[in-house]
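The values are calculated or read from the model by the stated rules, or taken from the named source; none is laboratory data. Just so you know, these numbers come straight off a predicted model, no measurement behind them. Because the Cβ atoms are built from the backbone with ideal geometry, glycine has one as well, and the counts that use them run over all protein chains shown.
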Amino acid sequence: MKVLIIGSGGREAAIAWKIGQSALVNEIFVAPGNAGVQPFAECVPIAADDIQKLMEFAESKSIDLTVVGTEIPLVMGIADLFEKNGLKIFGPKKKAALLEGSKSFAKRFMKRHNIPTGEFCVCSSYDEAMKSVVAFGFPVVIKVDGLAAGKGVSIANDQTEAEKVLKTVFLDKSFGDAGRSVVIEEFLNGRELSMLCFVDGKTIVPMEGVRDYKRAFDGDKGPNTGGMGTLSPVEGYMPEIQKEFEDKIMFPTLKALKEEGIDYRGVLYFGLMLTDEGVKVLEFNCRFGDPETQVLLPRMQNDLVKVMLSVIDEKLEEQKLCWDERSAVCVIMASGGYPGNYEKGKRIVGLENIESEDLCVFHAGTQNKGGELYTAGGRVLGITALGKDLNEAREKAYQAVEQIEFEGAHYRLDIGK
């Protein structure tokens, strides 16, 4: 089989690495890809949001399966376009991708179907939003409605912070069309958990639990990022919590999708908060998470391509997911200043020192220039280690991180603590 993967980050690197292990696959393309996938895949210089050119490429190369890693082409309707032209694609159609593409759509969907989530309101102006945050009280959560690469969520601890966030959205228009409206939500206390599920329209199968560290600095301080690290499995995710998630959230969501005539096929990501009142949904994503994928796929023992084909063909019920019992920890090495302004083009050294079957280095923002690696993004590398328990995995990951250097390198020291 020939496989095309769409995206350029660490998630796509992990997907390409895993797909490369399938006996079904003999050729992999990644559009646009990064320097880290080049040893086992061919990078194609087509932007992830140029869905027409991607379709033309898939046709010209007789691609057997396209896997969409990033959310933007899904929200644009790439799955609809490919299916219309007889091309197999893994990822939900445009209508289904609204669960991620619009925070207000997702919250109203949950409210309609009594899926546990925080109280909220939708506001389309600065004045309206300021009145709402004051009514909710502090701390309060402010989310831009559209896609914002994981940076559109803010927690305001007082009125001054809320004013600053809302001015950025409505007056400075820093988020463009994505910030035409905002969702104001009650702040939920508890422990965060990411649950990713395969869905084929009629069957839903959960993967293992993941904990994601979204804030930029140790102790969950600083601005939200796309993710600074992950671990799996999640300690304390007891059978009763799993059952509550499945009975009150996972299966009801599948039932709600069917009732609304949404044929969802792909990965459905549940961002959860384990509160004193029970498990509640923070957000949906319509694809593999980043960097959740970087700890899930090294633990998955199945042939990923077979699972994806079963999703497309509505045969997911025939699959039984199997997992390595070891723990996995991923530490993200980012450019200094991320998620704000940062410099690119910093030479990366030390990767040649990392040799272990228990370690994977997934490139996110890298570029190859004359045989040397340089930084080319905010999140640069994801270092994933497997260990007999969380502590061993964490120790191996940080030992590897210490071997790698580039100017301004920033990473959290408390992933897995």
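Below are the figures for this structure:
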quantity	calculated
Any strands (runs of 3 or more DSSP E) falling wholly within the range 187-249 and containing at least 3 residues that are of a type outside the set (Phe, Trp, Tyr), surrounded by fewer than 21 Cβ atoms within 10 Å (Cβ to Cβ) and in contact with an Asp or Glu (Cβ under 6 Å, 6 or more places away or on another chain)	none
Qualifying residue in the range 151-163 (condition: of a type in the set (Asp, Glu) and closer than 14 Å to PRO223 by Cβ)	yes
Filter pass, LEU87 being surrounded by fewer than 17 Cβ atoms within 10 Å (Cβ to Cβ), outside any helix (DSSP H, G or I), modelled with pLDDT of 95 or more and not assigned by TED's automatic domain parsing to the domain that holds VAL380	no
Hits in the range 96-114 - residues which are in contact with a strand residue (DSSP E or B) (Cβ under 6 Å, 6 or more places away or on another chain) and not hydroxyl-bearing (Ser, Thr, Tyr)	LEU99, GLU100, LYS103, ALA106, LYS107, MET110
Residue pairs meeting the criteria (Cβ under 8 Å; at least 6 apart or on separate chains; first at positive phi and crowded, with 16+ Cβ neighbours inside 10 Å, in the range 156-168; second polar (S, T, N, Q) and not in a strand (DSSP E or B))	none
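Quick grid of which residues meet (1) charged (D, E, K, R); (2) surrounded by 22 or more Cβ atoms within 10 Å (Cβ to Cβ):
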| site | (1), (2) |
| --- | --- |
| PRO291 | no, yes |
| GLN301 | no, no |
| MET308 | no, yes |
| TRP323 | no, no |
| SER335 | no, yes |
| PRO339 | no, no |
| GLU355 | yes, no |
